Amino acid sequence: MEKLFFLVLFVIIGSVGSVIAASLFLFFPKTIRESMVPSLVSYAIGALLGAAFLNLIPEALENINVGSFFMTMLVGIILFFILEKLVIWRHCHNKECHVHSQTGPLILIGDSFHNFVDGVVLASSFLVSIPVGITTGIAIIGHEIPQEVGDFAILLNSGYSRKKAIFYNVISSLVSIPAAIGGYFMLGTMKTLIPYIMAIGAASFLYIAIGDLIPGLQERVGMGDTVIQVLLIIAGIMTILLFPHHH
């Protein structure tokens, strides 16, 4: 019951909490917003890489063989690539985005799917142990906030009002709640699937960090920017590393 409580808590913080936090960014002046988002993105990269390499991959490998694990992860990465092609799933963190007005609904569909995956991955992590669940939750929250900020920018550019943009983002983020709770009860009876879900989770985290977030940071090439980015990436990794991992 304790695991379920923490799962529900983290999935609510990760979904509704992220949208609320991101919507508060709309009230900051543009210059502050543009300087804060890369910092959030840097921290999120560290948390995602840390959760994938220090948490999900080692935990999953305790329960399935290496070949099956990496095959599942590979399929996951290809799947996310296809999804990104079909639905504009790429999160946009800068104003020079190749996004057109009709992408508003696509962003929401992509987000809903993305939140569904996050919910199920979070459920599998909490079924392994509470510490693994919490660190996975931190990584999800870490990347959800800058993602939602980017989504808001796209929706506002697509002609949505602030109220509508917030409303639609909340709706798409709520998908993760039934996904997490449903995943928890389903995976509780089919424990053999948990390592495979964790492999998909690791693929998702690595794909977002390396394919999506890191290229956005490469545009800021100043030495000062780079030092801050590296320190925040390390801070994200350290958050995962310093968290107790015992079962």
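List of remarks:
- Degrees, to the nearest 10: 194-206 long Cα axis against longest axis of the chain: 30
- Residues 164, 30, sorted so that the one with the fewest Cβ neighbours within 10 Å comes first: 30, 164
- The C-alpha atoms of the chain occupy a region whose extents along the principal axes are 47, 39, 33 Å, arranged from largest to smallest.
- Per-selection Kirkwood Rh - the stretch 127-212 (Cα, Å, 1 d.p.): 14.9
- Neighbour counts of other Cβ atoms within 10 Å put 136, 192 in the fewest-to-most order 192, 136.
- Just checking the listed ones, 224, 159, 104: in the Gaussian network model of the chain with Cα springs under 10 Å, the one fluctuating most is 224.
- Cα-based helix-to-principal-axis angle, 2-12 vs the chain, degrees rounded to 10: 20
Readers should treat all values here as calculations from the given coordinates under stated rules, not as data from a laboratory. Here the structure is a predicted model, which is why all the values come from computation and not from measurement. Cβ: placed from backbone, ideal geometry, glycine included. Neighbour counts: every protein chain shown.
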